[in-house]
Every structure is written in structure tokens, then in C-alpha cells.
């Protein structure tokens, strides 16, 4: 049974907004027709739902959502002046969540993840990239990815794009980063064989993994048929952007420290820039040089970076508000950054915009205009959220 929706203002992301619009969602979960409501073709009946504003559903293209435990004490320490490296050296940070993953069953991890995805859906999100990376050992990384796969099989939750974060931190008792990076390549091949991930990611930074170590893992990933995305320049620029261009990464994220040459490398390789304003807010960091990225012609993506330490949130709309207020993105840049550009960063070519034939991923908002989406509401303002034409959240 097809579904007919109407809106006083329809933002397609693919042209000028349509006033007094209608959308027909076909039985296949794709958009069968859209346009002015007065032109709605027969035999479609009256719209079943109406809203002031309809947009493409939001896409959160960078999250670490599959975690357990709590790191509230670390947040308090940050407020007292402790920095990221100090907390990690004291046994906190990523290793703290690693211990929680080890103590949590796969079933419980999947249940926690399902709850987070349901809350994200209520905020207008219909696609979420989810990384592993807290397991740190092959068996625990596979546990995370299997938990992610459990929720990815559900059609009543946001669509999941799984990523193996192969290089995140060293597990306890390991000190040789180069040796660890070499060993991780076997895990990359295993994950590819089991089809547990679409992407492989790595953390390229002064206190994380260097270019040579990351290149080895990226090459293994590409040879195994997996695409690459990278964390780069969060605390220092050690050539991560140039490496991203070299290995053909789809996205390079964080970018608080990036040279003009690095920005040109990203642009030349058509790599999207993942901006994570909640993390820089939490860490009291200056924003990336957005003007430099614009000048280079880099497409900007906005994501939540949802994780238990540096971005303890499930709210992509919060990231949108901070991207506008703290990073200086325009409302159009913000909306593109969580729809069409986010879709591009995840190699999804049939969502992020509303057009005939595209997936019916859309949000009916309790808001009058798309400009209101960058305001920090702090509460859900969705009336209806569809993924592939299926209702995944209704107010």
C-alpha cells in the first residue's frame, strides 16, 4: 500500500523547496512521485499525514555508538583541567570502554545499541554509521561488530553502516604500535570475509597511529574490498590528509589541525570532511579552519561523533546547532552536511535527497522552516520519520 504525505514546505535537497507539496511513497519504499499537491496524479487519495516541513531524513556519518559502561568521572576530570592524553595515560579513555566491552555480553551490547538508535530516530535520523574500535583485540572487535550486525538487520530502526575501527588505541599490555598494526591486518581480512563491515577506519595522530602504520591497514582493507575513512588531525597534523588522498578514503574526520596542503589533498581526491563540533566543544578545542576547507572546495559533513568520552550524546541536531554557532557553517551547509554530503561520505547514492526513485528516507517536522533545524531545541521536533518508507519514529 502506497503512502501519501503532504507538507506546506518540502525541502528536497535537490532543488528549490516546493510549497504546498505532496509525496507518494511506493510499495517498494522509494519515492514514486513528488511535487505540488494540486498536481497529485490519480488514483492517489488524500494525504495520510501532513506537516509544515518535510526534509530528507538526517544521516549521522560518524559515531562510536556500540559501547557499554560510563565515563562520567572522566568528564568531571576534564572540567577540572585534565586533558585527553592525561586521562588515557591514567587508564581511562578508550581503554576504560574496552574493559566495559569485555565485561558486557554481545546481547546486552546489541540491546544498548538498539535503545540509542531508537532515540536517534526520534530526532530525525534514519542512517547511522557505527564504528567498533573499543574491543582492541580481535575477539572483542568481532563481538562489537556482531552486536552492530544484530541491529543492522532490523528494518524498524535507522539504517546502519558498520565500520571496523581497526586502529584506535593499544590494548592493555601492548606497547609496539607497528607490531599491533601489522597484526590487525588479519582482523581486517576476517571482518571482510564475514561481511561485518563496509569501511575500515584508523586514528592517525601524534599519540595514536602514524602514517606508515595506517597505510598498511588501509592497503589491506582496500585489497579485501572494504572502503576507508580516517580520523585525522584531532590533536596534531602528521600527514593524515595526504594519506587519506593516497589511499582513496571516503571521509577524513575531525580536522582541527590541518594544513592548506592537506585541505587541497582532500579536495583533489574528492574526500569529504567530517566535522565533529561536539567533540571539540567537550575538549575545549578551537574549530577546524572551515574557511580554508571551503576555499579548497571540500564537501563538509556534520556528525555527532557519539561516544562515551569526548562526545557523550546521541543528538545529531546538537551537532548541527554547534556547527552553525561554533564552526560558522551556514544553515544550507549544515543541512547538506547531514543529508546529501553525509550520504556521499558513506557511498550511499540513493538517500540524502528527496527525488523520484530515491529511498523514502524523510522527516515530517513540527517546525515551520528548515532554518529552524539549526536552532538548539534540546527536544525532538519530529512528527514522523521514515526509512525506506517504513515508520521508524512517530511523535
Under the rule rounded for a/c under 1.5, else prolate if a/b exceeds b/c, else oblate, using alpha carbon gyration tensor axes a ≥ b ≥ c, segment 58-345 is classed as rounded
How high is the relative contact order of the chain, given as a whole-number percent (alpha carbon pairs under 8 Å, six or more residues apart)?
-> 21 percent
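What does the extension gain come out to for residue 366 and residue 259, with contour length at 0.36 nm per residue minus their alpha carbon separation?
Gain on extension, residue 366 to residue 259, equals 34.4 nm.
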Go through 177-186, 128-137 and give me the packing order, highest mean Cβ count within 10 Å leading.
-> 128-137, 177-186
In degrees rounded to 10, the 0-90 angle between helix 177-194 Cα long axis and the longest Cα principal axis of the chain is 40 degrees
So, in nm, how far is label residue 79 from label residue 291 when the simple model puts each one 7 Å beyond its Cα toward the Cβ?
-> 3.4 nm
Out of 174, 108, 310, a Gaussian network model of the chain with alpha-carbon springs under 10 Å gives the largest mean-square fluctuation to 174
What is the fewest-to-most order of 98, 207, 254 by other Cβ atoms lying within 10 Å of their Cβ?
-> 207, 98, 254
How far is helix 316-325 tilted off the main Cα axis of the chain, in degrees rounded to 10, range 0 to 90?
-> 90 degrees
How high is the FRET efficiency between residue 375 and residue 174 when r is their beta carbon distance and R₀ equals 41 Å, given to the nearest 0.05?
-> 0.35
Mind pulling the angle between the C-alpha long axis of helix 211-223 and the longest principal axis of the chain? Nearest 10 degrees, somewhere in 0 to 90.
-> 50 degrees
Using a/c under 1.5 as the rounded threshold, could you call segment 1-43 rounded, prolate or oblate? The axes a ≥ b ≥ c are square roots of the C-alpha gyration tensor eigenvalues, and prolate needs a/b larger than b/c, oblate otherwise.
-> oblate
Candidates 154, 264, 222: whichever shows maximal mean-square fluctuation once the chain is modelled as a Gaussian network with Cα springs under 10 Å | 154
Taking a point 7 angstrom from the Cα of residue 246 along the C-beta vector, which residues in segment 186-213 have backbone N less than 12 Å away?
-> 210-213
Would you mind calculating the relative contact order of segment 104-217 from Cα pairs under 8 angstrom and at least 6 residues apart, reporting the percent as a whole number?
-> 26 percent
Could you give the length gained on full extension between residue 390 and residue 156, defined as 0.36 nm per residue of separation minus the Cα-Cα distance, in nm?
-> 83.5 nm
When a/c is below 1.5 the answer is rounded, else prolate if a/b is larger than b/c, else oblate, so apply that to segment 334-395 with a ≥ b ≥ c taken from the square roots of the Cα gyration tensor eigenvalues.
-> oblate
Pick from 58, 123, 371: which residue has the top mean-square fluctuation in a GNM of the chain where Cα pairs under 10 Å get a spring?
-> 371
Beta carbons within 10 angstrom, averaged per residue: use that to sort the peptides 138-148, 29-39, 232-242, highest first.
-> 232-242, 138-148, 29-39
Added length on full extension, which subtracts the Cα-Cα distance from 0.36 nm per residue, residue 222 to residue 14 | 71.7 nm
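First measure r as the distance between the Cβ atoms of residue 27 and residue 284, then evaluate 1/(1 + (r/R0)^6) with R0 = 45 Å and state the FRET efficiency to the nearest 0.05.
Working: r = 51 Å, r/R0 = 1.12.
That pair, residue 27 with residue 284, gives E of 0.35.
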Ranking 320, 364, 292 by Cβ neighbours within 10 Å, fewest first, what do you get?
-> 292, 364, 320
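Read the figures in this text as sums done on the coordinates, not as results from a lab. The structure presented is a predicted model; accordingly, all values stated were derived computationally and were not measured. Cβ: placed from backbone, ideal geometry, glycine included. Neighbour counts: every protein chain shown.
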